[in-house]
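The structure appears right after this line, and notes come after that.
The values are calculated or read from the model by the stated rules, or taken from the named source; none is laboratory data. Remember, predicted model here, so these are calculated numbers, not experimental data. Positions of Cβ are generated from backbone atoms using ideal geometry, with glycine treated the same way; all protein chains shown enter the neighbour counts. Areas reflect the complete protein model, heavy atoms only, side chains present, ligands, DNA and RNA absent. Shrake-Rupley method; radii C 1.70, N 1.55, O 1.52, S 1.80 Å.
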Amino acid sequence: CRNLQRQRSFQTKVTQSKIPNFGFAFDIDGVLVRSSTPIPGAHKALSYLQDERIPFVLLTNGGGKSEEERVRDLQEKLDVPLDTGMFLQSHTPFANLKQYHDKTVLVVGGDHDKCQRVAQGYGYKNVVTPGDIYTAYPDIWPFGKPFEEVYKAFAKPPPKPINLESPPDSLKIDAIFVYNDPRDWGLDASLILDLMLSEQGILGTLSKKNGDSSLPNNGYLQDGQPALYYSNPDLWWASSYHLNRLGQGGFQFAFDGLWNAVTGGAKLEKTTIGKPTQATYEYAENLLRQHRKKIWGPVGLNDPLKRVYMVGDNPESDIQGANNYQSPHGSDWTSVLVKTGVWKEGQEPSHKPDIIHENVSEAVQWAVEDAR
Ligand code: G3P
Ligand code: MG
């Protein structure tokens, strides 16, 4: 009878008269879509929650476009009304690093200059891309010819030239942000390596410390490697291909190998955000709470959000993040692993979910019943 009850709950509109004390956070790739193809049941599941005014947010390690553009794309693919207030992608939190907004930053990854425009939209005033640098100095990466025309289509001269006669007037990068999966791993890794080995982030210089910041400064210029930020750690993700594809974490591991080979194992100073980090889940819960207020109006203490169901396909990011998340608001998070993405049935999940379901549709049906 539980199945019948479950079917009834999903099919019939149990229009909520009271604000529900639960909500959802949905991963995107491998849960709602595979690349640009919606996963069966995704539209029905999200539409049902919207009809029932049960709040949900979309929480992805993907990126590469503005939040507005990605929300528009998803609305179209899933045929569900969405807004940026219910959407968090990997690099969204970079907008808050205001200490770099007036500095010169290198933004790596994504198609063409899209991530450069996203960073400018976040408030960064001096954004350089590897394509800009390669177009200005093609010798910097001898194997860049296949991408030359792609870069030429958008490249702009960097804010300062490489001028080693007068390093203070030379191109200096204060922070490197990997926004999305690099397309030309060779150029991108080579430039990040140059900058992390440089003196004070001045492109074209080479610190005598060979990247080992534990050594004393070399006196000529205070070494100060640029800050290095990655927007997510995903080694794998679920695209339209049947086997998992390398994500930004794959690039990170490749770069770590280069760094160790070049420096002999010097510690690489870097920061990685995105799922499964606590900060990303806190950001997502705040979005969910704001969205809940938008649907139901001001909610009081006697209408707490008690439970959030995190529906994901990747044990390393979605499940680990939900399992470890400590909500500052006191909500409990239930991790729900689905079989439509990275994790494959029969594998031992690297992080044990609270429950496993076939797909997002079944996950929502189960959770709505579980929450009652
Ligand atoms: O770049 C996309 C990949 O990192 C995974 O995205 O939506 O499964 O968190 P998602
Ligand atoms: Mg996923």
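Some observations on this one:
- Taking the listed residues LYS339, LYS344, LYS352, the one that is modelled with pLDDT of 95 or more and more than 16 Å from ligand 2 (Cβ to nearest atom) is LYS352, with no other qualifying.
- Pairs are defined by a Cβ separation below 6 Å, a sequence spacing of at least 6 or placement on different chains, a first member in segment 66-91 that is touching a residue at least 12 places away in the same chain (Cβ under 8 Å) and closer than 20 Å to TYR122 by Cα, and a second member that is away from ligand 1 (no atom under 11 Å from the Cβ) and part of a loop (DSSP other than H, G, I, E, B); the pairs so defined are VAL71/LEU82.
- Scanning segment 296-319 for residues that are within 14 Å of ligand 1 (Cβ to nearest atom) and open to solvent by 40 Å² or more (accessible area, probe 1.4 Å) yields one hit, GLU316.
- Note on segment 264-281: residues that are out of contact with any Lys or Arg (no Cβ under 9 Å at 6 or more places or on another chain) and assigned to a helix (DSSP H, G or I) amount to 3.
- Among (1) open to solvent by 50 Å² or more (accessible area, probe 1.4 Å); (2) within 16 Å of ligand 1 (Cβ to nearest atom), the one test that ALA322 misses: (1)
- Among the residues making up segment 17-49, those that are of a type in the set (S, T, N, Q), away from ligand 1 (no atom under 16 Å from the Cβ) and touching a residue at least 12 places away in the same chain (Cβ under 8 Å) are ASN21, SER47.
- Segment 129-149 residues that are among the hydrophobic types (A, V, I, L, M, F, W, C), paired with ones that are outside any helix (DSSP H, G or I) (beta carbon under 7 Å, 6 or more apart): ILE133/PRO158; ALA136/PRO157; ALA136/PRO158; PHE147/ASP184
- Residue that is nearest to ligand 1 (Cβ to nearest atom), among those in segment 244-263 that are more than 22 Å from CYS115 (Cβ to Cβ) and touching a residue at least 24 places away in the same chain (Cβ under 8 Å): ASN244
- Scanning segment 43-65 for residues that are open to solvent by 30 Å² or more (accessible area, probe 1.4 Å) and either within 16 Å of ligand 2 (Cβ to nearest atom) or not in a helix (DSSP H, G or I) (or both) returns ARG53, LYS65.
- Every residue from segment 181-211 that is out of contact with any Asp or Glu (no Cβ under 8 Å at 6 or more places or on another chain), open to solvent by 10 Å² or more (accessible area, probe 1.4 Å) and either of a type in the set (Val, Ile, Thr) or within 16 Å of ligand 2 (Cβ to nearest atom) (or both): ASP181
- Residue pairs whose Cβ atoms lie under 8 Å apart, sitting 6 or more positions apart in sequence or on different chains, and linking a residue in segment 232-243 that is of a type in the set (Gly, Ala, Ser) to a partner that is more than 13 Å from ligand 2 (Cβ to nearest atom), are SER240/SER36; SER240/THR37.
- Of all residues in segment 334-350, those satisfying the criterion of being open to solvent by less than 50 Å² (accessible area, probe 1.4 Å), free of Cβ contacts under 8 Å to residues at least 60 places away in the same chain and not β-branched (Val, Ile, Thr) are SER335, LEU337, TRP343, PRO349.
- Residue in segment 272-281 that is over 22 Å from PRO233 (Cα atoms) and more than 13 Å from ligand 1 (Cβ to nearest atom) present: no
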